[in-house]
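Asks: First the structure, which I've put down as structure tokens, then a few questions once you've had a look.
The values are calculated or read from the model by the stated rules, or taken from the named source; none is laboratory data. Fair warning: this is a prediction, and the values are worked out from it, not measured in the lab. Note: ideal-geometry Cβ built from the backbone for every residue, glycine included; neighbour counts use all protein chains shown. All accessible areas refer to the heavy atoms of the entire protein, side chains included, with ligands and DNA or RNA removed. Shrake-Rupley method; radii C 1.70, N 1.55, O 1.52, S 1.80 Å.
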Amino acid sequence: MSRRKKLYEGKAKILYEGPEPGTIIQYFKDDATAFNAQKKGIIAGKGALNNRISEHIFTHLGWMGIPTHFLKRLNMREQLVKKVEIIPVEVIVRNVAAGSMSKRLGIEEGTVLSRTIVEFCYKSDPLGDPLISEEHAITLGWASQDELAQMTEMSLRINDFLSGLFVGCGMRLIDFKLEFGRWFDGEEEQLILADEISPDTCRLWDLETNEKLDKDRFRRDLGGVEEAYREVARRLGVLPKDSAPKDASAA
Ligand code: UDP
């Protein structure tokens, strides 16, 4: 374990070289950051919960015919994934106005959008992931027009599937972020879903009370952060049976 090569350490995950060529181990940390890493903290047990939640979602998306990097969960905090070249364009899908959209455009948080909005952001920590247009991504060489079209189409399919999955568990999918990568298999190149889908990357509100069950509890100091992540895992049916509330990290 200790001798394996660390490839990259991000805000919420560490990537290690995988056991086979073309594979990577994705390790989920408990670290949480917000506002472009100006706010930092630890959410006890988050790594183990996000590992399970993301495994559950990626597995279902695979069943739905969405190509993803997910291969298998290895243990409490790690999963084996396909190595990809990450496209430096994040896709944000919005069903309900919240967060930066509400702030930027003065739209009250919670306003249901008459149609789903897909946004692109340039993946750059120093720049704070700025909102960009398709033109920027193409002109600056971050993604091709065809890749952006595929990313948009896949994101909308993912949104339809996830919205239903979460409603079935008593949650509204307000918005979320996706990352895609180029997977090279010999001569073939395929665009596949990468990274993670979890309460770190989605806004999820309780269907009846609108209680926030995601990272906004951390961003906005609402308390009950660990409990919210556990609740999402419980509702999805992936909360490890032996994980006690006070010891989620041992899940
Ligand atoms: N998001 C994310 N990573 C980012 C930016 C956004 O996972 O670097 C997610 C965020 O959790 C939310 C959605 O994308 O579910 C939309 O985020 P928004 O643009 O409103 O930014 P925020 O208000 O989180 O800064």
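Asks: Just need a number here: residues in region 16-45 that are under 16 Å from N75 (Cα atoms) and either in a loop (DSSP other than H, G, I, E, B) or hydrophobic (A, V, I, L, M, F, W, C) (or both).
Replies: Counting residues in region 16-45 that are under 16 Å from N75 (Cα atoms) and either in a loop (DSSP other than H, G, I, E, B) or hydrophobic (A, V, I, L, M, F, W, C) (or both) gives 8.
Asks: Just the residues that are surrounded by fewer than 16 Cβ atoms within 10 Å (Cβ to Cβ) and more than 10 Å from the ligand (Cβ to nearest atom), please, taken from region 96-123.
Replies: L105, G106, I107, E108, G110, T111, V112, L113, S114, R115, T116, I117 - these are the residues of region 96-123 that are surrounded by fewer than 16 Cβ atoms within 10 Å (Cβ to Cβ) and more than 10 Å from the ligand (Cβ to nearest atom).
Asks: Mind telling me which of the residues F184, F176 ends up being assigned to a strand (DSSP E or B) and more than 14 Å from the ligand (Cβ to nearest atom)?
Replies: Working: F176 fails: more than 14 Å from the ligand (Cβ to nearest atom).
None of the others qualify; the one that does is F184.
Asks: Can you tell me which residue within region 187-198, out of those that are in a strand (DSSP E or B) and open to solvent by 60 Å² or more (accessible area, probe 1.4 Å), is farthest from V238 (Cα to Cα)?
Replies: Looking at residues that are in a strand (DSSP E or B) and open to solvent by 60 Å² or more (accessible area, probe 1.4 Å), I get E188.
Asks: What's the total number of residues in region 65-95 that are of a type in the set (A, V, I, L, M, F, W, C) and within 11 Å of the ligand (Cβ to nearest atom)? Steps first, please.
Replies: Start the filter on region 65-95 by keeping residues that are of a type in the set (A, V, I, L, M, F, W, C), which leaves 66, 70-71, 74, 76, 80-81, 84, 86-87, 89, 91-93.
Among the residues that remain, those that are also within 11 Å of the ligand (Cβ to nearest atom) are: 91-93.
The number of residues fulfilling the criteria is 3.
Asks: Go through region 199-230 residue by residue and tally those that are within 14 Å of the ligand (Cβ to nearest atom), over 16 Å from K39 (Cβ atoms) and part of a helix (DSSP H, G or I).
Replies: Residues in region 199-230 being within 14 Å of the ligand (Cβ to nearest atom), over 16 Å from K39 (Cβ atoms) and part of a helix (DSSP H, G or I): 2 in total.
Asks: Take the residues in region 169-185 that are among the basic types (K, R) and over 13 Å from P67 (Cα atoms); name whichever of them is nearest to the chain's Cα centre (by Cα). Quick ask: steps written out before the conclusion?
Replies: Going residue by residue through region 169-185, those that are among the basic types (K, R) are 172, 177, 182.
If we keep only those that are over 13 Å from P67 (Cα atoms) too, we end up with 172, 177.
Values: R172: 16, K177: 6 Å.
For region 169-185, the residue satisfying everything is K177.
Asks: Now for a separate question. Examine region 10-32 for a residue that is within 16 Å of the ligand (Cβ to nearest atom) and among the hydroxyl-bearing types (S, T, Y), and state whether such a residue exists.
Replies: If we filter region 10-32 for residues that are within 16 Å of the ligand (Cβ to nearest atom), which is where we start, we get 10-13, 26, 28-29, 31-32.
Then drop every residue that is not among the hydroxyl-bearing types (S, T, Y), which leaves none.
No.
Asks: Separate question: Any chance you could count how many residues in region 91-129 are in contact with a His (Cβ under 9 Å, 6 or more places away or on another chain) and not hydrophobic (A, V, I, L, M, F, W, C)? Working first, answer last.
Replies: Let us first name the residues in region 91-129 that are in contact with a His (Cβ under 9 Å, 6 or more places away or on another chain), namely 120, 122.
Narrowing further to those that are not hydrophobic (A, V, I, L, M, F, W, C): 122.
Here the count works out to 1.
Asks: Just checking, which of A37, A48 is of a type in the set (G, A, S) and buried (at least 16 other Cβ atoms within 10 Å of the Cβ)?
Replies: On the way: A37 fails: buried (at least 16 other Cβ atoms within 10 Å of the Cβ).
Of A37, A48, the one residue that is of a type in the set (G, A, S) and buried (at least 16 other Cβ atoms within 10 Å of the Cβ) is A48.
Asks: With respect to the numbered conditions (1) open to solvent by 30 Å² or more (accessible area, probe 1.4 Å); (2) aliphatic (A, V, I, L, M); (3) without any contact (Cβ under 8 Å) to a residue 24 or more places away in the chain, which one is the sole condition not fulfilled by I14?
Replies: The failed condition is (1).
Asks: Moving to a separate point now. Given (1) without any contact (Cβ under 8 Å) to a residue 60 or more places away in the chain; (2) under 30 Å from E147 (Cα atoms), identify the lone condition not met by G223.
Replies: Among (1) without any contact (Cβ under 8 Å) to a residue 60 or more places away in the chain; (2) under 30 Å from E147 (Cα atoms), G223 violates only (2).
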